[in-house]
1. Return the residue satisfying two criteria in turn: it lies in region 73-91 and is of a type in the set (D, E, K, R) and surrounded by fewer than 21 Cβ atoms within 10 Å (Cβ to Cβ), and of such residues it is nearest to Tyr41 (Cα to Cα).
2. Looking at (1) over 20 Å from the mean Cα position of the chain (by Cα); (2) among the small types (Gly, Ala, Ser); (3) farther than 23 Å from Leu42 by Cα, find the lone condition where Gly266 falls short.
3. Quickly run through region 58-102 and pick out the residues that are farther than 24 Å from His131 by Cα and at pLDDT 95 or above.
4. Hey, among the residues in region 196-233 that are closer than 19 Å to Met296 by Cα and surrounded by 24 or more Cβ atoms within 10 Å (Cβ to Cβ), which one's nearest to the chain's Cα centre (by Cα)?
5. Of the numbered conditions (1) in contact (Cβ under 8 Å) with a residue 60 or more places away in the chain; (2) surrounded by fewer than 20 Cβ atoms within 10 Å (Cβ to Cβ); (3) not charged (D, E, K, R), His112 fails exactly one; give the number of that condition.
6. List the strands (runs of 3 or more DSSP E) that sit entirely inside region 43-133 and contain at least 1 residues that are within 30 Å of Asp229 (Cβ to Cβ) and among the acidic types (Asp, Glu).
7. Name the residue, out of Ala269, Ala273, that is crowded, with 24+ Cβ neighbours inside 10 Å and free of Cβ contacts under 8 Å to residues at least 40 places away in the same chain.
8. Among Ala46, Ala16, Ala31, Ala23, which is the only one that is modelled with pLDDT under 95 and either touching a Phe, Trp or Tyr at 6+ places or on another chain (Cβ under 6 Å) or buried (at least 19 other Cβ atoms within 10 Å of the Cβ) (or both)?
Amino acid sequence: MTHQARLLGAAIASSAIGLATVAAAAPAEAAFPGHNGKLVYLVTHAGPGGGGRNEIFVSRRNGTHPVQLTHKRQNDQPRWSPNGHRILYTHRSAHGPQQIWVMGQRGRNKTHLPGQGRTNNTDAVWAPDGHRIVFAQFKPGSIDLVVYSLDTHKLTALHAGSGFDRIPTAPAWSPDGKLIAFAAINKGPTNTTGEPAAELFVIEPDGEGLTQITHSVHFAEQTPSWSPDSRTLAYERSGGKSPGKYCEQLDTINADGTNRRRLHAGCYAGWPAWSPNGRKIIANRGGPVQPGLWRMSPNGSHQHFITLGFDVDQQPVR
């Protein structure tokens, strides 16, 4: 099942029973400027019955010397803080909802962020000031983006969603602090493979200036990632003009929706993340090549396999 379909189903379930069981959502992020540091990413551990759980690892930037940071339950969506000292992530406890946690760069001092209520909260990313985050909050009948203060624990809804007609997910806060990009899923129409439609939007951190920046009929746009200079978004574009031409590709686009370009990364590529120095993009690749994390130039050329894993973020070192 695709990310869009899972989220749409979760939203409908929230409306029906008040608390959805939320699958791990697709990532989005911003590359905060700096030198390229360590990688943080997910590895799935096999479980009984063919299932499994995700755990968080860090490694050197070339993928060597991996260290496992989490060891219990389900952990997803690790994101480096702007100063590279902490890691934001989502964690599901044994009997509670999926919520936002933070830990040190070596996996110590794991802390649940207070004031989240009993809702399922996912897709958390940092603001460039390091004092706020934004995440997707699931409530009965709707999903919205919420800004959370780490100082006051106050929640502020952005009203980026519109029931099932615009389900916001995968926010990414621009490194200059001016905009939050996100993907919005619609219950219809669908692309050529039946995935719910998804487009990219930007909104200001106070909830003003909601603007749609992609307008595709046959594709689903998702998982936006800001370049360190806040000028460009890399993202996944899945679909095709016919079922036989389906492709999961990487594109870039300016923040105002102009100059969309396809990266030469082939099909079966997604979840891009810029390097802090802006010279590389790391993404998931599969299909005919070794599945896992691959590093490439911003145009998709000069690809090199890094390691097994997915949903990567690279530490900014200043």
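The values are calculated or read from the model by the stated rules, or taken from the named source; none is laboratory data. None of the values given here were measured: they were computed from a predicted structure. Cβ sites come from the backbone with ideal geometry, for glycine too, and all protein chains shown count toward neighbours.
1. Once the filter is applied, the top-ranked residue is Arg86.
2. (3)
3. Passing the criteria: Ser59, Arg60, Arg61, Asn62, Gly63, Thr64, His65, Pro66, Val67, Gln68.
4. Thr223
5. (1)
6. 74-80, 120-126
7. Going through Ala269, Ala273 in turn, the sole match is Ala269.
8. It is Ala31.
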